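Colleague: One structure is given below, represented as structure tokens, and several questions about it will come after.
The values are calculated or read from the model by the stated rules, or taken from the named source; none is laboratory data. These numbers come from a predicted model, not from an experiment. A quick note on method: Cβ atoms are made from the backbone with ideal geometry, for glycine too, and the neighbour counts reach across all protein chains shown.
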Amino acid sequence: MQDEKSQGSKETQIQISLDDDIAQGIYCNLAIINHSQSEFTMDFVYVQPQQPKAKVRSRVIMSPFHFRRLITALEENLSKFESKFGTVDRIDTPNNPSIH
């Protein structure tokens, strides 16, 4: 049995560009995740203290396969972060604003 590399397949190298406005990033303190059978939708929101309304700043839609890969990458990176800087505790507070 031969692996892919010995069968002559070549890895494709993807070149990724980053526009200046995207490179600035956005801050969010709330993520809302919904799904259908074929995709996951993640809305990233910034909720300002004492404000009754918040605006979605970014929406990312992906397939279940890519969503699983994202979860794996997030878990791996959080583990690396925690091994270097210490545990990140969960914050479950009753004062979180409700979403309508």
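Colleague: Yes or no: the stretch 74-91 includes at least one residue that is loosely packed, with under 10 Cβ neighbours inside 10 Å, assigned to a loop (DSSP other than H, G, I, E, B) and basic (Lys, Arg).
Modeller: yes
Colleague: Can you spot a residue in the stretch 36-55 that is among the β-branched types (Val, Ile, Thr), in a strand (DSSP E or B) and exposed (fewer than 14 other Cβ atoms within 10 Å of the Cβ)? Spell out how you get there, then give the answer.
Modeller: Going residue by residue through the stretch 36-55, those that are among the β-branched types (Val, Ile, Thr) are 41, 45, 47.
In the following step, the residues that additionally are in a strand (DSSP E or B) were identified as 41, 45.
Filter again for exposed (fewer than 14 other Cβ atoms within 10 Å of the Cβ), leaving none.
Looking for residues that are among the β-branched types (Val, Ile, Thr), in a strand (DSSP E or B) and exposed (fewer than 14 other Cβ atoms within 10 Å of the Cβ), one finds none in the stretch 36-55, hence no.
Colleague: Only one of ILE22, ILE71, ILE26 is among the β-branched types (Val, Ile, Thr), modelled with pLDDT under 95 and out of contact with any strand residue (DSSP E or B) (no Cβ under 7 Å at 6 or more places or on another chain). Can you tell me which? If you could, list the steps in order and put the result at the bottom.
Modeller: Numbers: ILE71 fails: modelled with pLDDT under 95; ILE26 fails: out of contact with any strand residue (DSSP E or B) (no Cβ under 7 Å at 6 or more places or on another chain).
That would be ILE22, the only listed residue that is among the β-branched types (Val, Ile, Thr), modelled with pLDDT under 95 and out of contact with any strand residue (DSSP E or B) (no Cβ under 7 Å at 6 or more places or on another chain).
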